[in-house]
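Below you'll find the structure, written out as structure tokens, and then a few comments.
Just so it is clear, none of the values below were taken in a lab; they were calculated from the coordinates. Keep in mind it's a predicted model, so treat the numbers as computed, not measured. All Cβ positions, glycine included, derive from the backbone under ideal geometry; neighbour counts span all protein chains shown.
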Amino acid sequence: MDERAYSNLRDALIEFGAAWQKESMLPKSAVNLLVGLFSWVDSSSHLYSGEEAARIRQVAREIDMLIFEHIVPAEE
């Protein structure tokens, strides 16, 4: 797995969340991308085996958590 690419994606998700933090809605195109991101990454793990497949599935879960932590936080 390309850890640098994952790091860049992680940073981009956090920056995206910060940029839209004060808005009440996100652009539909962004929401469509975010909704599919977990399943796309998780599905790609089936192309690999062993530790690499496990790492990709872990990254999919981390991406899902990042989205809910930084982009779609629960109401306060």
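Shown here for the stretch 30-76: chymotrypsin sites (Phe, Trp or Tyr not before Pro) in loop regions (DSSP other than H, G, I, E, B) with at most 15 other Cβ atoms within 10 Å, namely TYR48.
Annotation for the stretch 19-76: trypsin sites (Lys or Arg not before Pro) lying in DSSP loop with at most 14 further Cβ atoms inside 10 Å of their Cβ are LYS22.
Computed from Cα positions, the angle between helix 50-66 and the longest principal axis of the chain comes to roughly 10 degrees.
Highest GNM mean-square fluctuation among ASP11, ASP64, ASP42, for the chain modelled with Cα contacts below 10 Å: ASP11. Mean sequence separation of contacting Cα pairs (under 8 Å, at least six apart), scaled by the length of the chain, corresponds to a relative contact order of 44 percent. A Gaussian network model of the chain, with springs between Cα atoms under 10 Å, assigns the largest mean-square fluctuation among GLU62, GLU23, GLU52 to GLU23.
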